[in-house]
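Notes to accompany the following structure.
Derivation of every value follows stated rules applied to the coordinates shown; laboratory data play no part. It should be emphasised that the depicted structure is a prediction, and the values quoted were computed from it without experimental measurement. When we count neighbours, we look across all protein chains shown, and the Cβ atoms used for this are built from the backbone with ideal geometry, even at glycine.
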Amino acid sequence: MSSESEELSEVEITRRTYDEIAEDYARKLKDPYLGGFEAYHKMAVDRFLSLLPSPQARILDVGCGFGHDLGYFLAKGLHTYGIDLSRVMLLLARRSFPTAGLCHMDMRQLNFKPGSFGGVWAAHCLYHIPKRDICRVIDGIRHVLQPQGAFFCSLKLGEGEGVDTDRQAISYPGKPRFYALYTESEAREMLGGFDIVEWEVRPEIYYGSAWLYAWLKRT
Ligand SMILES: C[S@@+](CC[C@H](N)C(=O)[O-])C[C@H]1O[C@@H](n2cnc3c(N)ncnc32)[C@H](O)[C@@H]1O
């Protein structure tokens, strides 16, 4: 991975790229539940829903993008709130789900009362956070979850971090995004404040890496 321009703020570089690619990204992933990797994704969502402490639990979709999963939660009648750093992504989410609670927010500064949510869903987004900031994100998620609340996250397996324009960012080559890759032991340490319900490694390379899926509970 390239380290050039990291001093410009990796998060800002990533945000700008998502603003730029949002329309195309949303068009390509419009039906997220078609098959293959996406069929697995739907299973991941349903497993997360089965862990919610109550059927009325409020869900926070962190890095919700254009509403890929937010729409699924809403269709199930769940009170769902989405946050994202890309205003264009949020605009698309708002267009599809006009009544959803959507907010422009950096996941490093979650601004909700303690215990506001019964579930936090963080799919395909934690890897955009520099490792020096990830504990702040994980602590913030723990803080906004009620006891026994469910937490799902997906991570890219590997080592190191940096701004990438090809291997990890293969879906939009040349468009820089920041990626932090984790070994399993790093991930276990990072998520150590939660009870692990399920921990699944998907070894096949998809979008440049193998994947780790974790379903967790707040103790
Ligand atoms: C790969 S997309 C995934 C979107 C959605 N979760 C999905 O699965 O389709 C990553 C999302 O994380 C958002 N993101 C990146 N850094 C963020 C940050 N610091 N705070 C909030 N959202 C962020 C991006 O804007 C983008 O919408």
Fill in the blank from the handout: The distance between the Cα centres of the range 6-25 and the range 139-199, in whole Å, is 18 Å
Handout entry: Dipole moment magnitude, nearest 20 debye, the range 127-219 about Cα centre, only Lys, Arg, Asp, Glu C-beta charged
Key = 300 debye
Handout entry: Unit charges at the beta carbon, dipole of the range 94-219: most positive-side option, Gln168, Ser116, Trp199
Key = Ser116
Handout entry: Per-residue Cβ neighbour rank within 10 angstrom, fewest leading, Cys103, Cys64
Key = Cys103, Cys64
Practice task
Starting with the fewest neighbours, write out Phe66, Phe178 ranked by other beta-carbon atoms found within 10 Å of each beta-carbon.
Solution key: Phe178, Phe66
Handout entry: Placed amide H near Tyr81: partners under 5 Å, 5+ positions off or other chain
Key = Ile59, Leu60, Asp61
Exercise for the section: Using Cα centres only, tell me the gap between the range 48-88 and the range 120-135 in whole Å. Expected result: 17 Å
Fill in the blank from the handout: As a percent rounded to 5, the proportion of antiparallel DSSP bridges among beta bridges in the chain is 55 percent
Exercise for the section: Take the cross-link list Lys113/Lys156; Lys28/Lys156; Lys113/Lys217 and give me the ones stretching past 23 Å between alpha-carbons. Expected result: Lys113/Lys156
Handout entry: For the range 6-218, size of Cβ-based charge dipole, Lys and Arg +1, Asp and Glu -1, in debye
Key = 740 debye
Exercise for the section: Taking the Cβ of each residue in Ile129, Ile13, Ile138 as the centre, tally the other Cβ atoms inside 10 Å and list the residues starting with the fewest. Expected result: Ile13, Ile138, Ile129
Exercise for the section: Using just the helices of the chain, give the 222 nm mean residue ellipticity in deg cm²/dmol: DSSP H runs with n ≥ 4 each add -39,500 (n - 2.57), and the total is spread over all residues, rounded to 500. Expected result: -10000 deg cm²/dmol
Practice task
Could you list the square roots of 5 times each eigenvalue of the Cα gyration tensor of the chain, that is, the equivalent ellipsoid semi-axes, sorted largest first and rounded to whole Å?
Solution key: 24, 20, 17
Problem - the range 99-168 - Rg and Dmax from Cα coordinates, angstrom - result: 13.6, 40
